[in-house]
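What follows draws every value from the coordinates through simple rules; no lab data is involved. Fair warning: this is a prediction, and the values are worked out from it, not measured in the lab. FYI the Cβ positions are ideal-geometry reconstructions off the backbone, even for glycines, and counts take in every protein chain you see.
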Amino acid sequence: MGVKKKEAKEKPLEKMTAKELRELGKQLPEIVGVYGMNKAELISAIKKARGIVEDTKATPDASIREIKKKIQSVKSDLENALNDKDKKMADIYRRRIIKLKKKTRRAG
């Protein structure tokens, strides 16, 4: 009687699952091939269809080749640390290599 239904707020696109994004994409006539897209492609297509401007984050390590060059230089530093029997620095270099490898996986 006196109960009002709250408007259902839509989740941010980045928080939605790929399945939810596909359902949303099917409702928009501008988007074609919803089932062949991955989550990132769906988000950008929905934003484009809705007229939302995407803010692109410029990373200094955008290129995978640059990151791999850094990995090679850190590997040589690691070898030098192992030769000098500096265990602390060797551990630091190992962690840096792991972080850089993760960056290449995300960038690619």
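Annotations
- Ratio of the Cα radius of gyration of the stretch 8-108 to 2.2 N^0.38 Å, where N counts its residues: 1.63
- Local net charge near TYR93, Cβ-Cβ under 13 Å (Lys/Arg +1, Asp/Glu -1): +4
- Taking 0.36 nm per residue of sequence separation and removing the Cα-Cα distance, the LYS85/TYR35 pair yields an extension gain of 12.6 nm.
- For LEU21, net neighbour charge (Lys/Arg +1, Asp/Glu -1) across residues whose Cβ lies under 14 Å away: +4
- Filter on LYS11/LYS102; LYS11/LYS39; LYS19/LYS103; LYS75/LYS102; LYS26/LYS102 - keep pairs with C-alpha separation over 24 Å: LYS11/LYS102; LYS19/LYS103; LYS26/LYS102
- Overall size of the stretch 64-107 from C-alpha positions, given as principal axis extents largest first: 34, 14, 7 Å.
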